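Participant: Sharing a structure here in structure tokens format.
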Amino acid sequence: MSQPQPLPAGQPGIETVEHEGRVLCFVIRASHHPTTTQFVTPGHYSQQLGLVVSPKGQRIPAHFHNRLSREVHYTQEVLVVRRGRVKATMYDQANQPAATVVLETGDTILLAEGGHGFEMLEDTELLEVKQGPYFGRASDKTVIGT
């Protein structure tokens, strides 16, 4: 199984997990506190994940996002561990375990590609963000393994 690697180089607390040339997930550890705004995901991802750093008093101008058509082929999820510990296992294109990451309170993961499953190591609360609309379990997901 693949192990997390720092991304980008020299940024402790940001990890990427790759398997056979495919990015399975990005992890931002709770201990990571950048000094400037940084996005972890490439611009072409359908789900963007970054940390916005602003000094006291700075303002972000009021704005709205323009209506744009975007094509999404696979759901990418972001999970934030609000409390607890969870073991996340990523699966490759053949539905075989490819990597495992243990997430702690405050850690964030973006599930980019492949399958995934979770084992709660403690009582856990997760915040989940993903694209919608949700079409129901039968249409939206395929369960792998047992």
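The values are calculated or read from the model by the stated rules, or taken from the named source; none is laboratory data. These numbers come from a predicted model, not from an experiment. Every residue, glycine among them, receives a Cβ derived from its backbone with ideal geometry; neighbour counts consider all protein chains shown.
Participant: So if I check each of ARG137, ARG82, which one is over 17 Å from the mean Cα position of the chain (by Cα) and basic (Lys, Arg)? Step through it out loud before you land on a result.
Facilitator: Values: ARG82 fails: over 17 Å from the mean Cα position of the chain (by Cα).
Checking each option against the conditions leaves just ARG137.
Participant: For residues that are within 14 Å of the chain's Cα centre (by Cα) and over 24 Å from GLN48 (Cβ atoms), scanning just the stretch 91-106, find the one that is surrounded by the fewest Cβ atoms within 10 Å (Cβ to Cβ).
Facilitator: Result: VAL102.
Participant: Now for a separate question. Collect the residues in the stretch 117-134 that are over 18 Å from the mean Cα position of the chain (by Cα) and closer than 20 Å to TYR91 by Cβ, keeping them in residue-number order.
Facilitator: LEU121
Participant: Right, something else. Identify, by number, the condition in (1) without any contact (Cβ under 8 Å) to a residue 24 or more places away in the chain; (2) surrounded by 14 or more Cβ atoms within 10 Å (Cβ to Cβ) that VAL40 doesn't meet.
Facilitator: Only one criterion in (1) without any contact (Cβ under 8 Å) to a residue 24 or more places away in the chain; (2) surrounded by 14 or more Cβ atoms within 10 Å (Cβ to Cβ) is unmet by VAL40, namely (1).
Participant: Which residue is modelled with the lowest pLDDT, if the candidates are limited to the stretch 126-138 and must be in contact with a strand residue (DSSP E or B) (Cβ under 8 Å, 6 or more places away or on another chain) and surrounded by 11 or more Cβ atoms within 10 Å (Cβ to Cβ)?
Facilitator: The qualifying residue modelled with the lowest pLDDT is LYS130.
Participant: From the list TYR45, TYR134, which residue is in contact with a helix residue (DSSP H, G or I) (Cβ under 7 Å, 6 or more places away or on another chain) and aromatic (Phe, Trp, Tyr)?
Facilitator: TYR134
Participant: Only one of THR100, THR75, THR89, THR124 is touching a Pro at 6+ places or on another chain (Cβ under 6 Å) and closer than 25 Å to THR142 by Cβ. Can you tell me which?
Facilitator: THR89
Participant: So which residues in the stretch 62-91 are under 17 Å from VAL129 (Cβ atoms) and part of a loop (DSSP other than H, G, I, E, B)?
Facilitator: Once the filter is applied, which keeps residues that are under 17 Å from VAL129 (Cβ atoms) and part of a loop (DSSP other than H, G, I, E, B), the stretch 62-91 yields HIS65, ARG70, VAL72, TYR74, THR75, GLN76.
Participant: Determine, yes or no, whether THR16 is in a strand (DSSP E or B), hydroxyl-bearing (Ser, Thr, Tyr), modelled with pLDDT under 95 and over 20 Å from THR124 (Cβ atoms).
Facilitator: Yes: the conditions hold for THR16.
Participant: Suppose we filter the stretch 71-90 for residues that are touching a residue at least 60 places away in the same chain (Cβ under 8 Å) and either among the aromatic types (Phe, Trp, Tyr) or buried (at least 19 other Cβ atoms within 10 Å of the Cβ) (or both); how many remain?
Facilitator: 2
Participant: Can you tell me which condition ILE109 does not meet? The list is (1) closer than 19 Å to GLN48 by Cα; (2) surrounded by fewer than 16 Cβ atoms within 10 Å (Cβ to Cβ); (3) not charged (D, E, K, R), and all the others hold.
Facilitator: Here ILE109 clears every test but (2).
Participant: Would you be able to tell me the number of residues in the stretch 111-141 that are outside any strand (DSSP E or B) and free of Cβ contacts under 8 Å to residues at least 60 places away in the same chain?
Facilitator: The qualifying residues number 13.
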